[in-house]
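Shown next, in structure tokens, is the structure this report addresses.
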Amino acid sequence: MDDSSSPDCLFCKIVKGIIPSNFIYEDDTVVAFPDISPVAPVHFLIIPKQHFVSIMDVPVELIGLVHQATRDIVHQEGLATRGFRLVNNCGSDGGQVVQHVHWHLLAGRKLTWPPG
Ligand code: 5GP
Ligand code: ZN
């Protein structure tokens, strides 16, 4: 981890292994791990290793790498056929609680729309 990590950030601590998690995917720039409070039978969090607060801060080039990682995870987890939902909560009205950008990958049941 380079010095772009944020010392008090929960997800930076997960990336560094200070807080234990079970990575289901890892490459040079992205990791994914199960959400601690799943809202669907499949609920992973996909994050860049580097600390950015929100989708508004992430370099566009990195978005592409996250997207490619997401596709790989979808195939790895066998979700391509039945589908999934990818969610990014941004800011207070968006419901973002953890201030390290992340995408929720939800699957395993028919998900309702619209969300609350
Ligand atoms: P947000 O509301 O910011 O979009 O989502 C934050 C997510 O992080 C929530 O779904 C919450 O359950 C998850 N979360 C919070 N703390 C932890 C933790 O320590 N470990 C893991 N794996 N997930 C966490
Ligand atoms: Zn962070």
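Every number here is computed from the coordinates shown, using simple stated rules; none is lab data. Being a predicted model, the structure only gives us computed values, none of them experimental. Glycine gets a Cβ as well: all are built from the backbone with ideal geometry, and neighbour counts include every protein chain shown.
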Scalar couplings 3J(HN,Hα) for the range 92-108 by Karplus 6.51 cos²θ - 1.76 cosθ + 1.60 (θ = phi - 60°), nearest whole Hz, x for Gly and Pro, are 5, 5, x, x, 6, 9, 8, 8, 9, 3, 7, 10, 8, 9, 10, 6, x
Whole-Hz ³J(HN,Hα) for each residue in the range 47-61, computed from phi via Karplus 6.51 cos²θ - 1.76 cosθ + 1.60 with θ = phi - 60°, x for glycine and proline: what do you get? 9, x, 5, 6, 7, 9, 5, 8, 4, 6, 9, 6, x, 4, 4
Pull up the cross-link candidates among the aspartates and glutamates for residue 49, meaning alpha carbon to alpha carbon under 15 Å and not fewer than 8 places away within one chain. 2, 3, 8, 26, 27, 28, 57, 61
Mind listing the lone cysteines of the chain, meaning no other Cys beta-carbon sits under 4.7 Å from theirs? 90
For the range 10-107, the charge dipole (Cβ of Lys, Arg +1; Cβ of Asp, Glu -1; about the Cα centre) points to a positive end, and the Cα of 21, 60, 32 closest to that extreme belongs to 21
What is the P(r) of the chain, as percent of Cα-Cα pairs per 5 Å bin from 0? 2, 11, 22, 25, 21, 13, 4, 1, 0
